[in-house]
Amino acid sequence: MRSSRKSVRTGRWLALLALPLALAFSAPGLAMTSDGEVAPDRVSSGAQNGVGLMRIVVADKSGIDQLNELGVDLAEYVKPVDNGIEVHAILSPEESQALRDMGFDVQDAISDQNDYAENMTERAATMRALTAAAASTDTLTMLRAEWFTSLENQLFLNIEVKSSAGTDSTTVLTASWDSGAGTEIGSGGTATMSRFTDAGQYMYHRFSNPVAISAAPAKATITSNKGGSVTVDVSKWLGSPRKVTGNHPYVSDFVDHYMDATEVTARISSLAAEFPKLTQLIDLPYKTNGYRRQAQAQFGTASASIVYVTSKAYGSEGGNDITMSLVNPGVANAPLTVGVSGRAVTVNLATNGSGAISSTAAQVVAAVNGNADAAKLLTASTYRGNVGAGVVAAAAVTRLTDNLKAPASVSRDPFQMKALRIGKQRDGSKVGVFLYCQEHAREWVTPLVCVETAERLLRNYAKDPNTRKLVDDLDIFILPTVNPDGSHYSMYDYNMQRRNMTNYCPATSADPANRNAWGVDLNRNFSIGSVYDGYNGGSTSCTSDTYAGPSKLSEPEARNEVWLVDTFPNIKFAMNNHSYGGYFMWPPGAYKTAGREVLPRVDQGTEAFFWTSSDYILSRVQEHRGTGIWPGRTGPVTDVLYSAAGNSADEHWYNRGIIGWDFEVGADVYNPTTKRFTAVGFQPSFAEGHEEAMEFANGNIAILDVARSYATDKLQPRSELKTVKQEPGATTFTFTTSEPANVYYTLDGSRPTFDSPKLALAGMREGNQTLTVKGNTTVNWFSIDIAGNVESNYKPDGNGKNYNKQTVAIQ
Ligand SMILES: [Zn+2]
């Protein structure tokens, strides 16, 4: 709007000043200030007159001065734009029009009265909710109350409680507990609980760490500063007995050092050779990109004068043999030229009239890339998108390098991933279990867990009856490293490498200094709950440690996992071994941040199965050295850790119905002297890593126990209707089952089928929902366990009447 600028300047200045004065009378939003200028008076008008925050573009600083002179209410914001300067002003529609009439370019509103109204409505609703919550006593819902032992027989207490006033950040819960049956509440201790929120939503109150206690409590009372109170029984967490106890010596402890991917793959290959009757070695169809990189060199240090080059060939395939030099010709007025001899690239730099080097980084890049012979060998780039206007410095002959330091025994070729299939009968007729390790390269303990598990299964088969049952009755697939290239890189080049090695970065972030920031996070590359579908916890940035890859399932490593579970549809269970922290988790594993929209939760029966299995599996982990995985680190990924968009456990569960578990091996270690928990990290001393491998190999064997119980389960569940509450005119009830099972019911007297309502959970980490009826009601129902056994052998799809019936009466 250059014309408007002219019209507002110089000669017409005084005349224009009069305009807003006139406005003061025609528009009620303006008033005279004491010094005679016009300023908006919105406080007194109350109606606000449709005032909005408007965008104005002025040609230059003098336009801002004029707006100030006119008394316009400007925000503290000045932004250069293509055609001038953008400023923001608080204006009524009349004021906007007056300024437009004066030639100002008043554009759209940044916010207006509608936004204001929305904000006030939202604020009022929140205030009402808070006031209502403050006015009434809150209700406390008990989620979990458990004591457990860990390491050195130290006792700990875990309590999780949800307050109906929990969205109010001033709600404080305090827990007190006794020191054993019959003792006084409080005699065991008292502690304030933390308010746990995630993605801006209140989840529940808990202890941030389990509280160390000296005696096992029987009861605990939780009180809220909002008036609520609840007293509950404290149960024991873990320590359930082993299902099968053999009298034969059980051999274990087969790992004695951290192993790279080449070693673990060789180990399972030799196991396959040693036990041909019990195993099969499976070559997965997609080879990795390989432990290899293009060779690079960087010239210069100041951003504007840096030139970096990247070989076309991988370093191992000739890239490392390329050299380049930047030569000062030593004469005045020399041109910029590029010469290539074999694999040596020589850049003769240009000079000015006094003989000084005059070639800029951008000119060198253009000259190298424009030389046909040089361009066959390498690509030149400026630094991170810099225009490269700086003059380069001469540089001696420099050899390009892929910077890879693994010994020659580590192949630079695409890696052949291998899975070890273990089972007496490997024809697809047995329930399959997929145990896999090291999706994340730096988690060095995890491949040891897979190797130890395979060794135990094969070396105990002959003597240990429990092992024999597992191998005879199951079809077990063990993939010891999902990320072999990253494993090599983590061990030999950069120990904190999490991702694979495939570099998808454009030239603006592919310079050698970024080489530890490339690669795809394989546990974000799967197709369910992906960042590409809007889920939280994955990144689309090629240098992020949670980079999800250029598209779903872009990586051969992830496609191999999918191939395995698709090729062997008998696989019903999967365990994704990670480190660290001591977690045991299951789906859902991702949510959309807006509204914390979680992937569909598993049904009540499956959730109950998860918890029952947890008790057994984590008791086996505990057997090795006493480590008690915390109840607060057991549950759906989204409830106890964070959202992990595109992870593999969700892929297996939501796409195929495979029960997909996750371990984070490496539980925090408790120091009884300092009374603190210390995290173990990705690569603890081998002494600690070895212990973790032993205890979580126990855990993986326990997964197999659970899978075998499922495979051989012929027991039908039993269920009962339990009245919870009777009030005049309303009765509330729920169902209990003899084992984890789903309940389908009808309230209209009809026959229950799989299309009937299914009993749900009351909420996250809560018990079964309750149902309330307001008249005498005939309830028909049946239950079905996870293995598919139906109570009383009822056929929901048939015509039989052998379902459960009960009338719920009203008082
Ligand atoms: Zn991990």
Under 5 Å, built H, 5+ apart or other chain: amide partners of Thr197: Met203
So, counting K/R as plus one and D/E as minus one, what does the shell of residues with Cβ under 10 Å around Ser738 add up to? -3
Size of electric dipole in the stretch 549-635: Cβ of Lys, Arg +1 and of Asp, Glu -1, about Cα centre, debye, nearest 20: 180
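Where does the chain land at 222 nm, in deg cm²/dmol rounded to the nearest 500, when only DSSP H runs of n ≥ 4 count, each adding -39500 (n - 2.57), divided by all residues?
Numbers: 17 runs with 202 residues, N = 811.
Using -39500 (n - 2.57) per qualifying helix, the result is -7500 deg cm²/dmol.
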Could you run the Karplus curve 6.51 cos²θ - 1.76 cosθ + 1.60 with θ = phi - 60° over the stretch 314-324 and give me ³J(HN,Hα) per residue in whole Hz, x for Gly and Pro? 4, x, 6, 10, x, x, 6, 8, 7, 10, 8
Can you tell which of Ala124, Asn225, Gly180 lies farthest toward the positive end of the dipole of the stretch 72-226, using +1 and -1 charges on the Cβ of basic and acidic side chains (Lys, Arg; Asp, Glu)? Gly180
Please work out how much length the chain gains when fully extended from Asn328 to Thr126, using 0.36 nm per residue of separation minus the C-alpha to C-alpha distance, in nm with one decimal. 65.7 nm
Calculated FRET efficiency, Asp60 and Thr508, Cβ-Cβ r, R0 41 Å, to nearest 0.05? 0.80
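Could you tell me what percent of the accessible area of the chain is made up of carbon and sulfur, with a 1.4 Å probe and every protein chain present? Walk me through the numbers before you get to the answer.
Working: 17060 of 33650 Å².
Percent of accessible area from carbon and sulfur atoms in the chain: 51.
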Protection proxy ranking, peptides 802-811, 121-130, 730-739, 475-484, average beta carbon neighbours within 10 Å, highest first: 475-484, 730-739, 802-811, 121-130
How do 696-708, 537-549 rank on mean C-beta neighbours within 10 Å, highest first? 696-708, 537-549
Where labels lie 7 Å past Cα in the beta-carbon direction, separation of Asp373 and Tyr258 in nm: 4.6
Taking amide H positions as placed 1.01 Å from N in the peptide plane, with prolines and chain starts having none, which residues 5 or more places from Tyr314, or on another chain, fall under 5 Å of its amide H? Gly319
Could you check what % of the DSSP bridge pairs in the chain are antiparallel, to the nearest 5? 80
Would you mind checking the stretch 622-643 for residues with the amide N under 15 Å from a putative spin-label position 7 Å along Cα→C-beta of Arg596? 636-643
Two-site label geometry, Asn655 and Lys405: point separation in nm, points 7 Å out along Cα→Cβ: 3.7
Evaluate the charge dipole of the stretch 401-544 about its Cα centre and quote only its size in Debye, nearest 20, assuming +1 on the Cβ of each Lys and Arg and -1 on the Cβ of each Asp and Glu. 420
Surrounding net charge for His205, when Lys and Arg each add one and Asp and Glu each subtract one, Cβ distance under 9 Å: +2
Most positive-pole-ward Cα, Ile282, Ala304, Ala261, against dipole of the stretch 232-324 from beta carbon charges: Ile282
Taking the dipole of the chain about the Cα centre (Lys, Arg +1; Asp, Glu -1; charges at Cβ), the one of Gly239, Phe434, Tyr745 that reaches farthest to the positive side is Phe434
Could you tell me the calculated FRET efficiency between Lys277 and Ala215, based on Cβ-Cβ distance and R0 = 51 angstrom, to the nearest 0.05? 0.45
Compute the separation of the alpha-carbon centres of the stretch 191-235 and the stretch 239-317 and state it in Å as a whole number. 43
If you count, for each residue, the other Cβ atoms within 10 Å and average over each peptide, how do 330-337, 420-427 line up from highest to lowest? 420-427, 330-337
Expressed in µm² per second, the diffusion coefficient of the chain from the Stokes-Einstein equation, with Rh the Kirkwood radius over alpha carbon pairs, at 10 °C and 1.306 mPa s, is 49
Before I look further, what does the chain give for accessible area per residue, probe 1.4 Å, in whole square angstrom? 41
Kindly flag which residue pairs out of Lys287/Lys430; Lys424/Lys572; Lys469/Lys572; Lys430/Lys572 have an alpha-carbon separation exceeding 20 Å in this structure. Lys287/Lys430
In nanometres, the difference between 0.36 nm per residue of separation and the alpha-carbon distance of Ala760 and Lys795 is 10.4 nm
Cβ-placed point charges (K, R +1; D, E -1), dipole of the chain about Cα centre in debye, nearest 20: 1280
Enumerate the lysines that Lys79 could reach by cross-link, defined here as Cα to Cα under 20 Å, with residues fewer than 8 away along the same chain left out. Lys61
Quick one: if the Förster radius is 45 Å, what FRET efficiency do Gln769 and Ser111 give, using the C-beta to C-beta distance and rounding to 0.05? 0.60
What is the spin-label model distance, in nm, from Thr137 to Gln201 if the labels are put 7 Å beyond Cα along the C-beta direction? 2.9
Using only Cα atoms, locate the centre of the stretch 49-89 and the centre of the stretch 755-774, then give the distance between them in Å, rounded to an integer. 58
Lys and Arg at +1, Asp and Glu at -1: neighbours of His578 with Cβ under 9 Å from its Cβ sum to -4
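What is the extension gain from Ser208 to Lys463, computed as 0.36 nm multiplied by their sequence separation minus the C-alpha to C-alpha distance, in nm to one decimal?
Values: separation 255, 0.36 × 255 = 91.80 nm, distance 4.46 nm.
That pair, Ser208 and Lys463, stretches by 87.3 nm at full extension.
The values are calculated or read from the model by the stated rules, or taken from the named source; none is laboratory data. Note that the structure is predicted; figures quoted are calculated from it, not measured. Every residue, glycine as well, gets a Cβ built from its backbone with ideal geometry; the counts of neighbours run over all protein chains shown. The protein model used for the area step is the full one, side chains on, heavy atoms only, and it has no ligands, DNA or RNA in it. Shrake-Rupley method; radii C 1.70, N 1.55, O 1.52, S 1.80 Å.
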